[in-house]
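To keep things clear, I will list the structure first and then write my remarks on it.
The values are calculated or read from the model by the stated rules, or taken from the named source; none is laboratory data. These numbers were taken from a predicted model, which means no experiment stands behind them. Cβ sites come from the backbone with ideal geometry, for glycine too, and all protein chains shown count toward neighbours.
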Amino acid sequence: MKGTIIDISKIILLWRGQEKEFLQYHVLRDQIKIIIANSYPKGHNKNGLEVEERTIMRYLQSLVTEHKLEKKIEADHSTYYRPVYSADVLKEIWKNQIENEKLSSVKILLPEPLKPSIEETRKMDASDKRTVDTIHDIVPGGKAPVDVSFSLDSGNKDKLEATRNILADDIVLGGIAYDFVASCQRAILNATENGYKWEGYKSGPLQIRKMVERVKTSLDFDATLSFHFDGKRLIEKYDWEKDIRKYEETVKAEHETWPSFVSGTSKTGVTRDSWIDWCISEKLYYVEHDLEVLNNSNHVIAKDTSSLITQFAECIVALKNRGKILHEGPTSPTVEDAKKHIEEMLNDGTLEIAVTFKVNTEKIVKRQKEAATTVFQETGYTLP
(Lines give C-alpha, C1' and ligand atoms only; values in the text may rest on other atoms or scores of the structure.)
Protein backbone atom coordinates (compact mmCIF):
# COMPACT_ATOMS: atom_id res chain seq x y z
CA MET A 1 0.00 0.00 0.00
CA LYS A 2 1.54 3.29 -1.10
CA GLY A 3 1.63 6.57 0.84
CA THR A 4 0.41 7.18 4.37
CA ILE A 5 -1.88 4.33 5.36
CA ILE A 6 -3.67 6.37 8.07
CA ASP A 7 -3.10 9.95 9.22
CA ILE A 8 -1.14 10.71 12.37
CA SER A 9 -4.18 12.12 14.22
CA LYS A 10 -5.85 8.70 14.22
CA ILE A 11 -2.63 7.11 15.47
CA ILE A 12 -2.36 9.61 18.34
CA LEU A 13 -5.99 9.03 19.34
CA LEU A 14 -5.05 5.47 20.31
CA TRP A 15 -3.25 6.98 23.33
CA ARG A 16 -6.23 9.06 24.46
CA GLY A 17 -6.19 9.30 28.27
CA GLN A 18 -2.77 7.59 28.60
CA GLU A 19 -0.50 9.95 26.67
CA LYS A 20 2.69 9.11 28.57
CA GLU A 21 2.36 5.33 28.22
CA PHE A 22 4.14 3.12 25.68
CA LEU A 23 2.03 0.74 23.56
CA GLN A 24 3.52 -2.60 22.52
CA TYR A 25 3.90 -3.07 18.78
CA HIS A 26 1.39 -5.91 18.37
CA VAL A 27 -1.30 -3.89 20.23
CA LEU A 28 -0.64 -0.84 18.05
CA ARG A 29 -0.57 -2.98 14.89
CA ASP A 30 -3.95 -4.59 15.63
CA GLN A 31 -5.54 -1.20 16.34
CA ILE A 32 -4.16 0.20 13.07
CA LYS A 33 -5.65 -2.73 11.17
CA ILE A 34 -9.04 -2.08 12.77
CA ILE A 35 -8.88 1.60 11.78
CA ILE A 36 -7.97 0.68 8.20
CA ALA A 37 -10.77 -1.90 8.03
CA ASN A 38 -13.31 0.64 9.29
CA SER A 39 -12.13 3.17 6.72
CA TYR A 40 -13.32 1.01 3.79
CA PRO A 41 -16.73 1.87 2.29
CA LYS A 42 -19.69 -0.17 3.52
CA GLY A 43 -20.09 -3.44 1.64
CA HIS A 44 -16.40 -3.59 0.70
CA ASN A 45 -15.10 -7.13 0.95
CA LYS A 46 -11.62 -6.18 2.14
CA ASN A 47 -10.50 -5.96 5.73
CA GLY A 48 -7.57 -4.57 7.66
CA LEU A 49 -5.86 -7.93 7.94
CA GLU A 50 -4.86 -7.70 4.25
CA VAL A 51 -2.43 -4.89 5.06
CA GLU A 52 1.04 -6.43 5.11
CA GLU A 53 2.88 -6.52 8.41
CA ARG A 54 5.96 -4.91 6.90
CA THR A 55 3.86 -2.04 5.54
CA ILE A 56 2.73 -1.13 9.05
CA MET A 57 6.26 -1.57 10.42
CA ARG A 58 7.68 0.72 7.73
CA TYR A 59 4.97 3.31 8.40
CA LEU A 60 5.62 3.33 12.14
CA GLN A 61 9.36 3.64 11.51
CA SER A 62 8.71 6.63 9.22
CA LEU A 63 6.80 8.31 12.05
CA VAL A 64 9.75 7.65 14.38
CA THR A 65 12.13 9.16 11.80
CA GLU A 66 9.88 12.23 11.55
CA HIS A 67 9.97 12.52 15.38
CA LYS A 68 6.23 11.94 15.62
CA LEU A 69 6.57 8.68 17.54
CA GLU A 70 9.12 7.53 20.13
CA LYS A 71 10.33 3.94 19.90
CA LYS A 72 12.00 1.69 22.50
CA ILE A 73 13.08 -1.96 22.39
CA GLU A 74 13.14 -3.96 25.62
CA ALA A 75 15.64 -6.71 26.55
CA ASP A 76 13.18 -9.37 25.37
CA HIS A 77 13.16 -7.64 21.95
CA SER A 78 9.59 -6.39 22.41
CA THR A 79 9.06 -3.06 20.63
CA TYR A 80 7.03 -0.18 22.13
CA TYR A 81 5.85 3.19 20.79
CA ARG A 82 4.40 6.40 22.18
CA PRO A 83 3.66 9.80 20.58
CA VAL A 84 6.01 12.78 20.61
CA TYR A 85 3.88 15.87 21.21
CA SER A 86 5.89 18.49 19.32
CA ALA A 87 4.30 21.71 18.04
CA ASP A 88 4.35 20.43 14.44
CA VAL A 89 2.71 17.14 15.39
CA LEU A 90 -0.03 18.89 17.37
CA LYS A 91 -0.66 21.26 14.48
CA GLU A 92 -0.94 18.33 12.06
CA ILE A 93 -3.30 16.46 14.41
CA TRP A 94 -5.47 19.55 14.77
CA LYS A 95 -5.51 20.14 11.00
CA ASN A 96 -6.49 16.52 10.29
CA GLN A 97 -9.21 16.58 12.92
CA ILE A 98 -10.73 19.75 11.43
CA GLU A 99 -10.65 18.30 7.91
CA ASN A 100 -11.62 14.69 8.63
CA GLU A 101 -13.99 15.02 11.58
CA LYS A 102 -15.69 18.22 10.37
CA LEU A 103 -15.16 20.06 13.64
CA SER A 104 -17.17 23.17 14.35
CA SER A 105 -15.30 26.44 14.81
CA VAL A 106 -15.94 29.62 16.77
CA LYS A 107 -14.35 33.02 16.28
CA ILE A 108 -13.67 34.67 19.64
CA LEU A 109 -12.98 38.42 19.75
CA LEU A 110 -10.51 39.20 22.51
CA PRO A 111 -12.15 41.46 25.11
CA GLU A 112 -9.54 44.24 25.09
CA PRO A 113 -6.65 45.52 22.96
CA LEU A 114 -3.60 43.28 22.78
CA LYS A 115 -0.68 45.05 24.39
CA PRO A 116 2.68 43.80 25.62
CA SER A 117 3.49 44.35 29.28
CA ILE A 118 5.84 47.22 30.06
CA GLU A 119 8.17 45.06 32.10
CA GLU A 120 7.70 41.40 32.94
CA THR A 121 8.59 41.43 36.65
CA ARG A 122 5.67 43.60 37.81
CA LYS A 123 2.25 44.84 36.82
CA MET A 124 1.62 48.24 35.27
CA ASP A 125 1.43 51.01 37.86
CA ALA A 126 -0.52 54.23 38.18
CA SER A 127 2.49 56.37 37.31
CA ASP A 128 2.91 54.45 34.03
CA LYS A 129 -0.32 55.96 32.70
CA ARG A 130 1.40 57.91 29.93
CA THR A 131 3.16 54.78 28.73
CA VAL A 132 0.01 52.66 29.02
CA ASP A 133 -1.90 55.21 26.92
CA THR A 134 0.92 55.18 24.37
CA ILE A 135 0.77 51.38 24.10
CA HIS A 136 -2.99 51.54 23.51
CA ASP A 137 -2.46 54.18 20.83
CA ILE A 138 0.10 52.17 18.86
CA VAL A 139 -1.55 48.75 19.19
CA PRO A 140 -3.56 47.87 16.03
CA GLY A 141 -7.15 49.04 16.44
CA GLY A 142 -10.15 46.76 16.85
CA LYS A 143 -10.52 43.45 18.64
CA ALA A 144 -8.21 40.59 17.72
CA PRO A 145 -9.96 37.39 16.56
CA VAL A 146 -9.01 33.94 17.85
CA ASP A 147 -10.29 30.84 16.03
CA VAL A 148 -11.44 28.04 18.33
CA SER A 149 -12.23 24.64 16.79
CA PHE A 150 -13.97 21.92 18.75
CA SER A 151 -15.89 18.67 18.38
CA LEU A 152 -18.45 16.77 20.40
CA ASP A 153 -18.79 13.00 20.71
CA SER A 154 -21.17 11.20 18.39
CA GLY A 155 -23.90 11.11 21.04
CA ASN A 156 -23.97 14.90 21.18
CA LYS A 157 -23.51 15.76 17.48
CA ASP A 158 -27.02 17.20 17.37
CA LYS A 159 -25.96 19.82 19.93
CA LEU A 160 -22.93 20.97 17.91
CA GLU A 161 -24.49 24.05 16.30
CA ALA A 162 -26.27 25.21 19.46
CA THR A 163 -23.05 24.73 21.44
CA ARG A 164 -21.09 26.73 18.87
CA ASN A 165 -23.47 29.68 19.19
CA ILE A 166 -23.22 29.66 22.98
CA LEU A 167 -19.42 29.35 23.02
CA ALA A 168 -19.07 32.26 20.60
CA ASP A 169 -20.39 34.60 23.32
CA ASP A 170 -18.87 32.81 26.31
CA ILE A 171 -17.02 35.29 28.53
CA VAL A 172 -14.90 32.62 30.22
CA LEU A 173 -13.73 31.17 26.90
CA GLY A 174 -12.87 34.69 25.74
CA GLY A 175 -10.85 35.18 28.92
CA ILE A 176 -8.97 31.91 28.37
CA ALA A 177 -8.20 32.94 24.78
CA TYR A 178 -6.95 36.34 25.94
CA ASP A 179 -4.79 34.89 28.73
CA PHE A 180 -3.27 32.37 26.31
CA VAL A 181 -2.39 35.05 23.75
CA ALA A 182 -1.04 37.38 26.45
CA SER A 183 1.10 34.55 27.86
CA CYS A 184 2.53 33.89 24.39
CA GLN A 185 3.29 37.61 24.05
CA ARG A 186 5.20 37.64 27.32
CA ALA A 187 7.11 34.48 26.42
CA ILE A 188 8.12 35.86 23.03
CA LEU A 189 9.27 39.15 24.55
CA ASN A 190 11.27 37.30 27.20
CA ALA A 191 12.89 35.18 24.50
CA THR A 192 13.73 38.21 22.37
CA GLU A 193 17.32 39.29 22.90
CA ASN A 194 17.96 43.03 23.21
CA GLY A 195 14.23 43.74 23.29
CA TYR A 196 13.30 47.23 24.50
CA LYS A 197 11.97 47.40 28.04
CA TRP A 198 10.66 50.55 29.73
CA GLU A 199 10.97 50.14 33.50
CA GLY A 200 9.53 53.41 34.77
CA TYR A 201 11.12 56.81 35.07
CA LYS A 202 14.48 55.35 36.09
CA SER A 203 14.76 54.23 32.45
CA GLY A 204 14.34 57.78 31.22
CA PRO A 205 11.74 59.09 28.74
CA LEU A 206 9.79 56.62 26.61
CA GLN A 207 11.41 55.82 23.25
CA ILE A 208 8.41 55.52 20.97
CA ARG A 209 10.07 53.86 17.95
CA LYS A 210 11.50 51.13 20.16
CA MET A 211 8.08 50.69 21.81
CA VAL A 212 6.44 50.23 18.38
CA GLU A 213 8.98 47.53 17.54
CA ARG A 214 8.21 45.91 20.90
CA VAL A 215 4.50 45.82 20.08
CA LYS A 216 5.16 44.37 16.61
CA THR A 217 7.47 41.70 18.07
CA SER A 218 4.92 40.73 20.71
CA LEU A 219 2.23 40.12 18.09
CA ASP A 220 4.37 38.37 15.47
CA PHE A 221 3.36 34.76 16.19
CA ASP A 222 0.83 32.07 15.27
CA ALA A 223 -0.08 29.84 18.22
CA THR A 224 -2.50 26.96 18.85
CA LEU A 225 -3.64 25.65 22.23
CA SER A 226 -5.45 22.30 22.32
CA PHE A 227 -7.59 20.90 25.16
CA HIS A 228 -9.37 17.58 25.32
CA PHE A 229 -11.95 16.78 27.99
CA ASP A 230 -13.04 13.16 28.23
CA GLY A 231 -16.14 13.53 30.39
CA LYS A 232 -17.55 10.15 29.38
CA ARG A 233 -14.44 8.41 30.69
CA LEU A 234 -14.68 10.40 33.91
CA ILE A 235 -18.29 9.54 34.70
CA GLU A 236 -17.77 5.89 33.85
CA LYS A 237 -14.92 5.52 36.33
CA TYR A 238 -16.39 7.57 39.18
CA ASP A 239 -18.34 5.78 41.91
CA TRP A 240 -21.50 7.91 42.00
CA GLU A 241 -23.40 5.52 44.25
CA LYS A 242 -20.68 5.78 46.89
CA ASP A 243 -21.18 9.56 46.99
CA ILE A 244 -24.94 9.18 47.19
CA ARG A 245 -24.66 6.71 50.09
CA LYS A 246 -22.26 9.06 51.88
CA TYR A 247 -24.86 11.85 51.96
CA GLU A 248 -28.03 9.80 52.35
CA GLU A 249 -28.06 10.07 56.16
CA THR A 250 -27.38 13.82 56.07
CA VAL A 251 -30.10 14.42 53.50
CA LYS A 252 -32.52 12.21 55.43
CA ALA A 253 -31.92 14.20 58.64
CA GLU A 254 -32.36 17.50 56.79
CA HIS A 255 -35.68 16.43 55.31
CA GLU A 256 -36.92 15.24 58.71
CA THR A 257 -35.94 18.43 60.58
CA TRP A 258 -36.85 20.97 57.88
CA PRO A 259 -40.52 21.44 58.93
CA SER A 260 -39.46 22.03 62.55
CA PHE A 261 -36.81 24.52 61.41
CA VAL A 262 -39.25 26.51 59.25
CA SER A 263 -41.82 26.53 62.04
CA GLY A 264 -39.32 27.56 64.72
CA THR A 265 -37.72 30.37 62.70
CA SER A 266 -41.07 31.77 61.55
CA LYS A 267 -42.42 32.66 64.97
CA THR A 268 -41.12 34.91 67.73
CA GLY A 269 -38.81 33.14 70.18
CA VAL A 270 -35.29 31.93 70.85
CA THR A 271 -35.07 29.90 67.61
CA ARG A 272 -35.95 32.88 65.42
CA ASP A 273 -33.63 35.20 67.35
CA SER A 274 -30.74 32.72 67.05
CA TRP A 275 -31.36 32.19 63.34
CA ILE A 276 -31.37 35.96 62.66
CA ASP A 277 -28.18 36.31 64.72
CA TRP A 278 -26.58 33.52 62.69
CA CYS A 279 -27.54 35.22 59.39
CA ILE A 280 -26.11 38.58 60.48
CA SER A 281 -22.92 36.93 61.76
CA GLU A 282 -22.43 35.20 58.43
CA LYS A 283 -22.72 38.48 56.51
CA LEU A 284 -20.45 40.35 58.92
CA TYR A 285 -17.80 37.68 58.49
CA TYR A 286 -17.73 38.46 54.78
CA VAL A 287 -17.72 42.20 55.50
CA GLU A 288 -14.49 41.67 57.43
CA HIS A 289 -13.06 39.68 54.52
CA ASP A 290 -13.99 42.45 52.07
CA LEU A 291 -12.28 45.02 54.28
CA GLU A 292 -9.11 42.95 54.18
CA VAL A 293 -9.33 42.88 50.39
CA LEU A 294 -9.79 46.64 50.32
CA ASN A 295 -6.79 47.05 52.59
CA ASN A 296 -4.70 45.11 50.09
CA SER A 297 -5.88 47.64 47.48
CA ASN A 298 -4.50 50.46 49.65
CA HIS A 299 -7.75 51.43 51.37
CA VAL A 300 -6.94 52.18 55.00
CA ILE A 301 -9.10 51.54 58.05
CA ALA A 302 -8.39 53.20 61.39
CA LYS A 303 -10.11 54.02 64.70
CA ASP A 304 -9.94 57.82 64.31
CA THR A 305 -9.19 60.52 61.73
CA SER A 306 -5.66 61.25 62.94
CA SER A 307 -4.46 57.63 62.80
CA LEU A 308 -6.26 57.20 59.47
CA ILE A 309 -4.29 60.08 57.92
CA THR A 310 -1.02 58.75 59.33
CA GLN A 311 -1.65 55.19 58.11
CA PHE A 312 -2.59 56.37 54.65
CA ALA A 313 0.45 58.65 54.42
CA GLU A 314 2.75 55.82 55.51
CA CYS A 315 1.10 53.53 52.96
CA ILE A 316 1.62 56.01 50.09
CA VAL A 317 5.26 56.64 50.95
CA ALA A 318 6.00 52.91 51.43
CA LEU A 319 4.68 52.12 47.96
CA LYS A 320 7.75 53.62 46.32
CA ASN A 321 9.74 50.63 47.59
CA ARG A 322 7.50 48.27 45.65
CA GLY A 323 7.45 50.37 42.48
CA LYS A 324 3.71 51.03 42.67
CA ILE A 325 3.43 54.83 42.70
CA LEU A 326 6.86 56.40 42.48
CA HIS A 327 10.02 55.47 40.63
CA GLU A 328 13.64 56.31 41.12
CA GLY A 329 14.36 59.77 39.82
CA PRO A 330 12.31 62.49 41.56
CA THR A 331 12.95 62.87 45.31
CA SER A 332 10.42 60.72 47.14
CA PRO A 333 7.95 62.42 49.51
CA THR A 334 8.17 61.95 53.27
CA VAL A 335 5.28 60.85 55.49
CA GLU A 336 4.85 64.46 56.63
CA ASP A 337 4.69 65.61 52.98
CA ALA A 338 1.95 63.07 52.28
CA LYS A 339 0.00 63.95 55.48
CA LYS A 340 -0.02 67.64 54.52
CA HIS A 341 -1.56 66.91 51.13
CA ILE A 342 -4.07 64.41 52.56
CA GLU A 343 -5.24 66.99 55.11
CA GLU A 344 -5.66 69.56 52.31
CA MET A 345 -7.76 67.06 50.37
CA LEU A 346 -9.94 66.45 53.43
CA ASN A 347 -10.42 70.20 53.88
CA ASP A 348 -11.45 70.87 50.27
CA GLY A 349 -13.70 67.78 50.02
CA THR A 350 -11.51 65.72 47.68
CA LEU A 351 -11.37 63.11 50.44
CA GLU A 352 -14.29 62.34 52.74
CA ILE A 353 -14.38 60.29 55.93
CA ALA A 354 -16.49 57.17 55.48
CA VAL A 355 -17.96 55.14 58.34
CA THR A 356 -17.66 51.35 58.35
CA PHE A 357 -17.74 48.39 60.73
CA LYS A 358 -14.59 46.76 62.04
CA VAL A 359 -15.50 43.15 62.74
CA ASN A 360 -13.81 41.02 65.40
CA THR A 361 -13.56 37.75 63.46
CA GLU A 362 -12.93 35.56 66.52
CA LYS A 363 -16.00 36.86 68.33
CA ILE A 364 -18.21 36.74 65.24
CA VAL A 365 -17.30 33.10 64.56
CA LYS A 366 -18.00 32.20 68.20
CA ARG A 367 -21.34 34.01 68.11
CA GLN A 368 -22.32 32.30 64.87
CA LYS A 369 -21.49 28.86 66.26
CA GLU A 370 -23.54 29.53 69.38
CA ALA A 371 -26.51 30.62 67.26
CA ALA A 372 -26.23 27.48 65.10
CA THR A 373 -26.07 25.30 68.23
CA THR A 374 -29.24 26.90 69.63
CA VAL A 375 -31.14 26.38 66.37
CA PHE A 376 -30.05 22.72 66.32
CA GLN A 377 -31.08 22.17 69.95
CA GLU A 378 -34.49 23.72 69.34
CA THR A 379 -35.32 22.18 65.92
CA GLY A 380 -32.79 19.43 65.14
CA TYR A 381 -31.88 21.27 61.93
CA THR A 382 -28.17 21.86 61.17
CA LEU A 383 -27.32 25.25 59.69
CA PRO A 384 -24.48 25.26 57.10
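Numerical summary
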quantity	calculated
Which listed residue is surrounded by 12 or more Cβ atoms within 10 Å (Cβ to Cβ), modelled with pLDDT under 85 and on the phi < 0 side of the Ramachandran plot, from V355, V300	V300
Helices (runs of 4 or more DSSP H) (entirely within the range 1-107) containing at least 1 residues that are crowded, with 17+ Cβ neighbours inside 10 Å and modelled with pLDDT of 80 or more	25-39, 53-65
Where Y286 falls short, out of the listed (1) at pLDDT below 80; (2) assigned to a helix (DSSP H, G or I); (3) in contact with a Leu (Cβ under 9 Å, 6 or more places away or on another chain)	(3)
Residue selected from the range 225-256 under the condition farther than 28 Å from D179 by Cβ and among the aromatic types (F, W, Y), by the criterion farthest from the chain's Cα centre (by Cα)	Y247
Matching residues, the range 224-245, being surrounded by fewer than 10 Cβ atoms within 10 Å (Cβ to Cβ) and either assigned by TED's automatic domain parsing to the domain that holds L13 or modelled with pLDDT of 80 or more (or both)	I235, E236, K237, D239, W240, E241, K242
Check on F221, within 27 Å of the chain's Cα centre (by Cα), at pLDDT 80 or above and surrounded by 11 or more Cβ atoms within 10 Å (Cβ to Cβ)	yes
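Results for (1) at pLDDT 85 or above; (2) in contact with an Asp or Glu (Cβ under 9 Å, 6 or more places away or on another chain); (3) assigned by TED's automatic domain parsing to the domain that holds V106, shown as yes or no for each residue.
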| site | (1), (2), (3) |
| --- | --- |
| A144 | no, no, yes |
| K159 | yes, no, yes |
| N165 | yes, no, yes |
| Y178 | yes, yes, yes |
| A182 | yes, no, yes |
